[in-house]
Amino acid sequence: MATATATTSRLAVLAPRPGPGRRRPAPSPSSSPLRARGVSAACSRGRVLCLAAPAPAPASSTDAGQDRLQKVPISNIRNFSIIAHIDHGKSTLADKLLELTGTVQKREMKEQFLDNMDLERERGITIKLQAARMRYVKDNEPYCLNLIDTPGHVDFSYEVSRSLAACEGALLVVDASQGVEAQTLANVYLALENDLEIIPVLNKIDLPGAEPDRVAKEIEEIIGLDCSDAIRCSAKEGIGITEILDAIVTKVPPPKDTAKDPLRALIFDSYYDPYRGVIVYFRVVDGTIKKGDKIRFMASEKEYVADEIGVLSPTQMQVNELYAGEVGYLSASIRSVADARVGDTITHFSKRADCPLPGYSEATPMVFCGLFPIDADQFEELREALEKLQLNDAALKFEPESSSAMGFGFRCGFLGLLHMEIVQERLEREYSLSLIITAPSVVYHVNCANGETVECSNPSLLPEPGVRKSIEEPYVKIEMLTPKDYIGPIMELGQDRRGDFKEMNFITENRAKIVYELPLAEMVGDFFDQLKSRSKGYASMEYKLVGYRESPLVKLDIQINGDAVEALSTIVHRDRAYSVGRALTKKLKELIPRQMFKVPIQACIGTKVIASEALSAIRKDVLSKCYGGDITRKKKLLKKQAEGKKRMKAIGRVDVPQEAFMAVLKLEKEVL
């Protein structure tokens, strides 16, 4: 105590009072030797400035966050991901981890920090994968934590599998009020396939309806994870975040020390930058990579020079070298995302690896639809917009298509329904395009009489009945998790959609898992909406492709005044053809304006008409000027009118308005 008092008295300084209108200049940190030695200052109301030297405190994790570029031993690197069902708080938890480790300053913080797109923020989902490097100090030992944020939707399951392959551990985030959902299970199975250490986290414990004990029991029963030490947290309130960071350090294993092996790095994401070309996100599995190295992508067999490498924290920060276990990015003036696909392996050009990392496959579109601009002048703008989107999204496929009804447009392929919705919304928002979207369809395999198998995604390109022998359609295995009160309506939905019931089991007392195999074509319409409405929003689903099966499918054509309208053609099951044809013809009768002649609207299978409606002609009263006279005069006028209408019907053309097309396409999505 005496020593401290003496020190304080020696540091006492008489400060002159500033004159009127003058401010006392603040001493700069560099100019003051006391501040340079870490001595804090406190000023009383008097003229005496008291300076004291507190005991040195260990650096906090927030301070450590500023030193993210400092290298740590491989044994202190932790690569982990967060897996969760949609809306279980994954992005909010990532925000808190970034904030607590000092990776992002509080003044720069915003909700869903890693979600860059407005669409992601509005829907509350992660679409584009992100990564962030954090520095965390535990027991005075600095650790490098690499978070790889993943999308939660089934459409992006391949991207999720590649990002999980870049990790050694995963946080399994489950909503403490909703419990285990279908996508939770799917992502856990992906993590287990990659042999990851899984840390269960019960989120949203601050909610009034939270039941963490019940949900912990659910996880143990359904997944088989020990939840005795599951972390209970609230990402929104910041409860339990430090415990999560400590668990990552203690439970997630470090990467293997293979820095001396030939370079092998796994690409888990890429995007197109208009100034620098494609930016590749990767995790170094073996070896080291330096700025200026000549590299080779093993699947695409392309070669480039790594002009810039760095880490994501979460903004890009350049470094000169990355070694085994680290996560970073590289820029090499790559012109196309197709050259650096997700799942590909990076190696050195000169000292190549013997074999690529396992698990690579090219994305194959599952759902197709036609995109047509309402204004025909926007066709070139639509082409440019699709080309720009394709630079960032290698899974998007498109080819030109023309329709007699809707003009020129594109036939586009997507990974799934969510992927399709996102692309449509981005085209309309970011490029100000007004679009007509045809009903989604799937890829059919048509077995022809000559032994060939043709892939067909467009109903108008289906081979003629005399040429084809059979049609195969894709089937999916769908798992639905639902409270027991809604089992009946959901099983009814599965039966209505031509589903084959496989199994049902109770995963807990009040929740059941129902498994069906059904055609993908039956699911691309309003299946998800129906599932949610029949279960009052409580059910969730997960699906995966199980192969192709032969089905009695037919092409349903719509003819207006004898002319087939290609844009309204669909491929349907024979048993449902009549009901779909009846609904379409009835709707078209309401929407098409009446003509001067009678217009038949027919739904046909080949030459056979299965449903028909007719628009009656608009009749002019040609007898209005006949007040009397012989009946033959009236008959002559009526006969002349009938001949004119007959000639008009032969040469007349019915223009279907855009509003009618849009309404019928909407109806197709509902009835198919």
Query raised in the report: aspartates and glutamates within cross-link reach of Lys251: Cα-Cα under 14 Å, excluding same-chain residues under 8 positions apart?
Result: Glu168, Asp195, Glu197, Asp226, Asp229, Glu243
Query - Above-threshold pairs, the threshold being 24 Å between Cα atoms, out of Lys71/Lys138; Lys302/Lys397; Lys96/Lys291; Lys90/Lys256; Lys256/Lys351 - result: Lys96/Lys291; Lys90/Lys256
Report task. At most 12 other Cβ atoms within 10 Å and a DSSP loop assignment: could you name the trypsin sites (Lys or Arg not before Pro) in region 177-281 that fit? Result -> Lys260
Report summary line: Correct semi-axes for region 256-408, from √(5λ) of the alpha-carbon gyration tensor and rounded to whole Å with the largest first, are 36, 16, 12
Report task. Mind pulling the per residue volume of the convex hull built on the Cα atoms of region 368-438? Å³ is fine. Result -> 73
Report summary line: For region 445-551 (alpha-carbon point model, no solvent) the Debye-based log₁₀ I(q)/I(0) at q = 0.11, 0.12, 0.13, 0.23 Å⁻¹ works out to -0.43, -0.49, -0.55, -1.17
**Report entry** Extension reserve of the Thr364-Cys626 stretch, reckoned as 0.36 nm per residue once the Cα distance is removed
**Finding:** 87.3 nm
**Report entry** Cα gyration tensor shape for region 264-348, rounded if a/c is under 1.5, else prolate or oblate
**Finding:** rounded
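May I ask for the Kirkwood hydrodynamic radius of region 514-638, worked out over all distinct Cα pairs and given in angstroms to one decimal?
Hydrodynamic radius (Kirkwood, Cα only) of region 514-638 equals 18.7 Å.
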Report summary line: If R0 = 35 Å, then Ile239 and Asn505, at their Cβ-Cβ distance, give a FRET efficiency to the nearest 0.05 of 0.50
Query raised in the report: Given the pairs Lys532/Lys555; Lys587/Lys635; Lys260/Lys294, which are separated by over 27 angstrom at their Cα positions?
Result: Lys532/Lys555; Lys587/Lys635
Requested in this report: Calculate what fraction, in whole %, of the accessible area of region 569-612 sits on carbon and sulfur atoms when a 1.4 Å probe is rolled over the protein chains.
Outcome: 50
Query raised in the report: Considering the dipole of region 130-289 built from charges on the beta carbon (Lys and Arg +1, Asp and Glu -1) around the Cα centre, which of Ala259, Gly238, Leu190 is farthest to its positive end?
Result: Ala259
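What does the net charge come to around Leu164 if you take all other residues with beta carbon closer than 15 Å to its beta carbon, with K and R at +1 and D and E at -1?
Net charge around Leu164: -3.
Tell me, what is a quarter of the convex hull surface for the C-alpha atoms of region 194-318, in nm² with one decimal?
Projected area, direction-averaged: 11.5 nm².
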Query raised in the report: Averaged per residue, what accessible area in Å² does region 445-551 show with a 1.4 Å probe, protein chains only?
Result: 48
Query raised in the report: Roughly speaking, to the nearest percent, how much of region 445-551's 1.4 Å accessible area is carbon and sulfur?
Result: 46
Query raised in the report: For Asp377 and Lys251 in the same chain, what is the full-extension length gain: residue separation times 0.36 nm, less their Cα-Cα distance, in nm?
Result: 39.5 nm
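Arranged from highest to lowest average of other beta-carbon atoms within 10 Å per residue, in what order do the peptides 496-505, 369-378 appear? Mind dumping the intermediate values first?
Details: 496-505: 14.1, 369-378: 17.8.
Sorting 496-505, 369-378 by mean packing, highest first, produces 369-378, 496-505.
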Requested in this report: For region 346-389, run through the chymotrypsin sites (Phe, Trp or Tyr not before Pro) and keep only the ones in DSSP coil with at most 13 other Cβ atoms within 10 Å of their Cβ.
Outcome: Phe349
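The values are calculated or read from the model by the stated rules, or taken from the named source; none is laboratory data. Note that the coordinates shown come from a computational prediction; the quantities given were computed from them, not determined experimentally. Here Cβ is always computed from backbone atoms with ideal geometry, including for glycine, and neighbour counts include all displayed protein chains. In case anyone asks, the SASA skips ligands and DNA or RNA and just uses the protein heavy atoms, side chains included. Shrake-Rupley method; radii C 1.70, N 1.55, O 1.52, S 1.80 Å.
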